[in-house]
1. Kindly check whether there is at least one residue in the range 104-113 that is open to solvent by less than 50 Å² (accessible area, probe 1.4 Å), over 41 Å from the mean Cα position of the chain (by Cα) and either polar (S, T, N, Q) or at pLDDT 75 or above (or both).
2. What pairs can you find where one residue is in the range 369-383 and touching a residue at least 40 places away in the same chain (Cβ under 8 Å), the other is of a type in the set (Val, Ile, Thr) and open to solvent by 20 Å² or more (accessible area, probe 1.4 Å), and their Cβ atoms are less than 8 Å apart, with a gap of 6+ or different chains?
3. The conditions are (1) surrounded by 23 or more Cβ atoms within 10 Å (Cβ to Cβ); (2) touching a helix residue (DSSP H, G or I) at 6+ places or on another chain (Cβ under 8 Å); (3) not polar (S, T, N, Q), and residue 487 fails exactly one of them. Which is it?
4. One residue is enough: does the range 187-206 have a residue meeting the conditions in a helix (DSSP H, G or I) and in contact (Cβ under 8 Å) with a residue 60 or more places away in the chain?
5. Report yes if residue 326 is within 12 Å of residue 568 (Cβ to Cβ) and touching a strand residue (DSSP E or B) at 6+ places or on another chain (Cβ under 7 Å), otherwise no.
6. Are there strands (runs of 3 or more DSSP E) fully within the range 364-450 with at least 1 residues that are within 28 Å of residue 36 (Cβ to Cβ) and aliphatic (A, V, I, L, M)? List them.
7. With the requirement that a residue be within 17 Å of residue 210 (Cα to Cα), polar (S, T, N, Q) and open to solvent by 10 Å² or more (accessible area, probe 1.4 Å), what does the range 261-300 give you?
8. Tell me the residue from 248, 236, 194 that is out of contact with any Cys (no Cβ under 7 Å at 6 or more places or on another chain), within 30 Å of residue 21 (Cα to Cα), open to solvent by less than 10 Å² (accessible area, probe 1.4 Å) and not acidic (Asp, Glu), please.
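The values are calculated or read from the model by the stated rules, or taken from the named source; none is laboratory data. This is a predicted model, so every value here is computed, not measured. Positions of Cβ are generated from backbone atoms using ideal geometry, with glycine treated the same way; all protein chains shown enter the neighbour counts. Note: areas computed on protein heavy atoms with side chains; ligands, DNA, RNA excluded. Shrake-Rupley method; radii C 1.70, N 1.55, O 1.52, S 1.80 Å.
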Amino acid sequence: MPVIRLPECGRAVAYAPGPSLLDILAEAGLMPPSPCGAAGICGKCAVTVTGGDIPPPSQQEQGLFSASALAQGRRLACGLFPQADLDVDVPLDGRGGVILADGYLPDFRLEPSLAKRTVVLDPGPAGSHEAGLAAALGETGVPARVLRGLSFAPGQRTAVYDDGELLALEAGDTTARLFGLAVDIGTTTVVAALVDLRTGLELAAETAINPQKRWGFDVLTRLGYVMEHPGEGVALLQRAVVDCVNGLIRKLAARTGVAAREIYALVVAANTTMLHLLLGVDPSPLGLAPYTPPFTAAKRLPAAAVGLAAGPGAVLYCLPSVSAFVGADIVAGLQVAGLGEARDTALFIDIGTNGEIVLAHEGKLCACSCAAGPALEGMNISCGMGACAGAVEAVRLSGEGLELATIGGAPPAGVCGSGLLSAVTAFLRAGCILPRGNLVKASGLAADDPRRPLLCERDGKPALRLGPGEAGLALTQKDVRQVQLAKGAILSGLLALLERHGLGVEAVDRVLIAGQFGRHLPVDSLTGCGILPARLGDRVSYLGNTAKSGATLALLSLAARRGMDLLAARVDSLELSRLKDFDRRFVACLDFPAGA
């Protein structure tokens, strides 16, 4: 059997010829990025073949890579179908990344739906054991799934209930052990928190990159994959995310000493597409007009039904969504932020690949979704990367030149989302980027212009230098356009929501920033790039990962969980694409602030 040798990892992967190199590496637990869903157009899954039978470059590869890179073995992992031994250098994307697990949690009454109580089984005549058990429990009968494998020997048992429903019976007194899992399944990341349901304390949290990124970094690309691979696509993406959550459960068990069998409930907050994929429900309708999801209501089912490795009888509760593009993660955030009871005017904004905005005004809630794209998370950027060690997270221009701050203080290896916006803001203020987004040209600058040292070229086109040397990090014109598309999407959605309710920017009392990415964005970058109007800068608060904290709240408070069902039904959804002249508004919002 041929082998893929990976010198940088110190590994060798045996494989059967047939799959692409991308698939082979993914099966081995290595995840080269593939934002385009293995369509061969983004170039992010590039690897370097350093030995073996190096195939000739394809036409796509010739359009993506320079002649020198191709000569050195640069190839697309998604388009390479190896037949023999190869030596390959693979970029290890996302390892050592910083994933936000913390989020604001409001005061609440501890009242989980799960409970335990002990019963004593007395010996009785043969054939009456089941009736005796039911009598001891005060039930008219006992579900067959609870009886399976149960010993009727005399002694103490512990009954496990969820909202009054008998889930399981355990030997002895286990009332001191009652745990649940709060899960945030994001398009990019997955977070799981283990919670003691008796005390309300979070024992530990674990995070991971969402392995579904193998089929695309954004929701639309994954929907496209599912539609192109009916049946198989849903099963693959479901298995990937279920395996990911099970892996987090194992890590949490190892850290805390809590066994997986002691987890009796899992609450999941996620966008609408992620929820469908978790449950194995075909989400294809979300990618086709009129974008009607198969379900938006909350779902409660046995965790084992989707393959989640928790306790016997454990329940999986998926929080409710609003629409195809406003999911349960947003409903969880609204509950955490208390916007259901708000009487002022507030904007709740989850900034990420799928930018969702909710306006709370006069007791009413209205939401929209903006396709911001993955640029704000460092993807689809020439030197972009996730929030890993070595990622540039802040850029400052001073009299002494360019100053970079990197995650972990490591040498600059790329630019993450926060660093991207910080760099664009700095270059805007220096006059290197013009309000229309064009890069200033060296030909128009005087010989002693202080901007000249910041200008360079990449592939013969103007770029802005972020690192020393001709091969150092740089932002291209295309990178800046990606930022414009993202900020234009969010700003135009925000303004459309306000206009729909007859409001101007000055009417907003609070701006609440939520989400994995938003927490790392300083106000200076949000207003400097024009994602938010400058006058809102002093009204911004950060809530952190409200999807996870909302899932935690639903675990610990049955009233809050029921409140989310009511809250989801109250949110009106504004479809931006159906608004008159929205295209014009979007184009107008592409411009950066003048004199940023």
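1. First, the residues of the range 104-113 that are open to solvent by less than 50 Å² (accessible area, probe 1.4 Å): 106, 112-113.
Now drop any that are not over 41 Å from the mean Cα position of the chain (by Cα), which leaves none.
The answer is no; no qualifying residue exists.
2. The qualifying pairs are 374/188; 377/188; 382/476.
3. With (1) surrounded by 23 or more Cβ atoms within 10 Å (Cβ to Cβ); (2) touching a helix residue (DSSP H, G or I) at 6+ places or on another chain (Cβ under 8 Å); (3) not polar (S, T, N, Q) applied to residue 487, the lone miss is (2).
4. Our first condition is that a residue be in a helix (DSSP H, G or I); within the range 187-206, this holds for none.
Checked the range 187-206: no residue is in a helix (DSSP H, G or I) and in contact (Cβ under 8 Å) with a residue 60 or more places away in the chain.
5. Values: within 12 Å of residue 568 (Cβ to Cβ): yes; touching a strand residue (DSSP E or B) at 6+ places or on another chain (Cβ under 7 Å): yes.
Yes: the conditions hold for residue 326.
6. 391-398
7. 271
8. Details: 236 fails: open to solvent by less than 10 Å² (accessible area, probe 1.4 Å); 194 fails: within 30 Å of residue 21 (Cα to Cα).
Only one candidate passes the filter, namely 248.
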